[in-house]
Amino acid sequence: MKVQANGLAIEVEDTGPVGPAAPVLLVMGLGMQLIAWPDPLVEALVQAGHRVVRFDNRDIGLSAGFDHLGTPNLLWESLKMRVGLPVRAPYTLHDLAADALGVLDALGIARAHVVGASMGGMIAQRMALAAPQRVLTLTSIMSSSGARHLPGPRPHVLQVMLSRPRDHSESVLLAHYVRLFEAIGRPAYPSSHEELRQRILSSVRRGGYRPAGSTRQLAAVAADTTRSQELGRIAAPTLVLHGTDDPLVPVACGEDTARRIPGARFVAVPGMGHDLPPAVVQHLLDPLLAHLRLGSPP
């Protein structure tokens, strides 16, 4: 369903009971749609009594697009970032956080547990900074503080990420995303070829392939250069989950995030890459559910 959030049409999926357990807002990462949250994770949260809210970030999936703002030159903006010059982005992570808070407003949710993956973890951090009274707990999965000294993606992963399919036919998009997920995933937690194929096809057929939107989102991440210095102000109980073998956002990024947030708990998942296949979800659920229970109001 569509809701009006921060003045935008945002696609939302609202699942589970409206009961005593506090709602959970799931915030997905760069270029990924709400359906990228694995069903077993959503189902486990619902079974624990939570109302689970997922949404497409602006510029991806079925939410409002920003093609009228143009497409940033990533090569030029990345060069500026490396030498410490301001990065020009059509919108910011602050805006994406305001969208997420707007989703809560639209659904009448005063406070929620906020769980973000990858770029979604950065948005969740921004939410906890901008509206601490709205964030019961913060969980940052395979994400980063954004500090400049941290390591970046492995070269072959970056090459695949920045490549563009020659056309937008289903077969070409399927091959592109299979290559991408195989690059960022890890052999310790392989997805079956058919499971991976079906997951990608669901995304493509939903109509959410918007590469210019992903580029604008990436520019917003690159432009958010002060977050690492601000994380010490986060008051929400925080859990940081990160794979030890993440080739896109190395584990040092998660460790740095946890160090900067007072009282944060860091949990490393051996062999996990930058993906959420079924076997990884099982390793995340125990610490996640315990964290949500500890941070819930009495």
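The values are calculated or read from the model by the stated rules, or taken from the named source; none is laboratory data. Quick caveat, the model's predicted, so the values are computed rather than measured. All Cβ positions, glycine included, derive from the backbone under ideal geometry; neighbour counts span all protein chains shown. Ligands, DNA and RNA are excluded from the accessible area calculation, which covers all protein heavy atoms including side chains. Shrake-Rupley method; radii C 1.70, N 1.55, O 1.52, S 1.80 Å.
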Worksheet item: So what is the accessible area of the chain per residue, in Å², with the probe set to 1.4 Å?
Response: 42 Å²
Worksheet item: What Kirkwood hydrodynamic radius do you get for region 219-291 when you take the inverse of the mean 1/r over all pairs of distinct Cα atoms, in Å?
Response: 13.3 Å
Worksheet item: Per the Kirkwood formula on distinct C-alpha pairs, the Rh of region 146-298 is how many angstrom?
Response: 17.4 Å
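For region 43-191, which whole percent of the accessible surface, found with a 1.4 angstrom probe, sits on carbon and sulfur atoms? Walk me through the numbers on the way to the answer.
Details: 3660 of 6450 Å².
Exposed carbon and sulfur together represent 57 percent of the surface.
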Discussion item. Spelling out what I want: for every residue of region 22-31, take phi, set θ = phi - 60°, compute 6.51 cos²θ - 1.76 cosθ + 1.60 (Karplus), and round to whole Hz; glycine and proline get x.
Written reply: 5, x, 10, 9, 9, 10, 8, x, 3, x
Item to complete: For region 136-226, just run the numbers: alpha carbon Rg, then divide by 2.2 N^0.38 Å, N being how many residues it has.
Response: 1.25
Fill in: Mean projection area, nm², convex hull over Cα of region 1-40
3.9 nm²
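When a/c is below 1.5 the answer is rounded, else prolate if a/b is larger than b/c, else oblate, so apply that to region 83-210 with a ≥ b ≥ c taken from the square roots of the Cα gyration tensor eigenvalues. Working shown, then result.
Values: a/c = 1.83, a/b = 1.47, b/c = 1.24.
It comes out prolate by the Cα gyration axes.
Packing-wise, with mean Cβ within 10 Å as the measure, how do 33-41, 139-147, 278-286 rank, highest first? Could you put the intermediate results ahead of the total?
On the way: 33-41: 19.1, 139-147: 26.4, 278-286: 16.8.
Descending mean neighbour count gives 139-147, 33-41, 278-286.
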Worksheet item: If you take the square roots of the eigenvalues of the alpha-carbon gyration tensor of region 55-149 and sort them as a ≥ b ≥ c, do you get rounded (a/c under 1.5), prolate (a/b over b/c) or oblate?
Response: oblate
Worksheet entry | Other-chain or far-sequence residues with amide H under 5 Å of Asp224's (modelled H) | none
Worksheet item: Residues with amide H under 5 Å of Gly243's amide H, sequence separation 5 or more or different chain, H placed in the peptide plane at 1.01 Å from N; which?
Response: Met142, Val269
Fill in: Ratio Rg/Rh, restricted to region 94-165 and using Cα atoms, in which Rh is the Kirkwood radius
1.09
Item to complete: Any chance you could list P(r) for the chain, counting all Cα-Cα pairs in 10 angstrom bins from zero, rounded to whole %?
Response: 6, 30, 39, 22, 3, 0
